[in-house]
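Structure first, commentary second.
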Amino acid sequence: MEIWTLDHPQHGRLELRQGFDAEFLAGDPGWPQPEADDAVDGSAESAPARAGERPPLDAPLRDRVRARVKNPPLRLQVRIDGEVTGRYPRTGVGEVRLKNPKTEEDGFSTLESHPASSLRRLRVQSNALGDILSVQFREGSSVVEFDPPPGSRGARRQAAMESSSVKRIFYPLMGGLGKAGGAILVLVLFPLLAKLLPDWQVNLPEFRLPRIHLPVPTMPQIHLPVPRLPAWEIDVPPLPGWLRTVLEYDEVWKPVLLGLVLGVVAVRNHRRSERQKAAWAAERAAADGAHPDQPPTPTAVSEASSSSRKPSSTSRS
């Protein structure tokens, strides 16, 4: 099981867990419920827990695809301070709202958009094979990245992106090129197929719709004086052929441009996340200095940060 974690000073320890049915049933009895098709003798209660095996990180793409087809679906679970607050049957969840059961009535989060999701939510990025690549905690304008589990594909990707800013932009750009791959393939294959296929000419009968002439009232025309601007003639060099082709097929360059924008945004969000984590670490260090005999808790850190803003108040642990 992969566990992505984030220690938040107000909301506590946030966890996003990804695993198979047998892994979740060991710590959360009763979920997930076995499907009727997997039950023994038609009884859902007698169905065994479905277990799977993740391929190693250095496994070739062929083995990863086989494991994806053979293994049961990877499910997601959200926990806050060890309490389950969200269960999702599939990994392909782009964004979920996050509710704190300690401060809100309904602790369970729901899928996709919701009126409260714009305030506090988790954004999960995964690939086509079900591997989680990144998890972000978003609350208003704040963006903080979760810590990936050691030895996971997400940890290796994050380490590669942190090694240089070029890779941090290059990975999302490759995602944009992947989205444009289908359009580029069509542009290459269609001309080849047009040359291979015979030139069939089909003469279809012409069909014209009847025309209905309705009386149209003639509106009065008002002629206003319009100033005439001098005509400037600017000699613009003609665009190259390849550039005209690219501009004509916007389904090719738009995903690439989107991938470049996502790369720049990823760099900005990563820097904001590192600054936020550094601020939280400073608050924890200040709380440790005020109470050296007691480990800091999320409540103590929150109260210490509020006391720093209000000099007249005293911090409590």
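Structural remarks
- Filter result for Trp253 (free of Cβ contacts under 8 Å to residues at least 24 places away in the same chain and farther than 30 Å from Gln10 by Cβ): no
- Tally of residues being at pLDDT below 75 and aliphatic (A, V, I, L, M) across the stretch 232-242: 0
- Restricted to the stretch 21-99, the set of strands (runs of 3 or more DSSP E) holding at least 2 residues that are at pLDDT below 85 and surrounded by fewer than 18 Cβ atoms within 10 Å (Cβ to Cβ) is empty.
- Of residues in the stretch 215-260 being closer than 30 Å to Arg168 by Cβ and among the aliphatic types (A, V, I, L, M), the one surrounded by the most Cβ atoms within 10 Å (Cβ to Cβ): Val252
- For the stretch 146-154, the criterion of being in contact with a His (Cβ under 9 Å, 6 or more places away or on another chain) and either part of a helix (DSSP H, G or I) or assigned by TED's automatic domain parsing to the domain that holds Phe20 (or both) is met by no residue.
The values are calculated or read from the model by the stated rules, or taken from the named source; none is laboratory data. Only a predicted model underlies this, so the values are computations on that prediction, with no experimental measurement involved. Methodologically, a virtual Cβ is constructed for each residue, glycine included, from the backbone with ideal geometry; neighbour enumeration extends over all protein chains shown.
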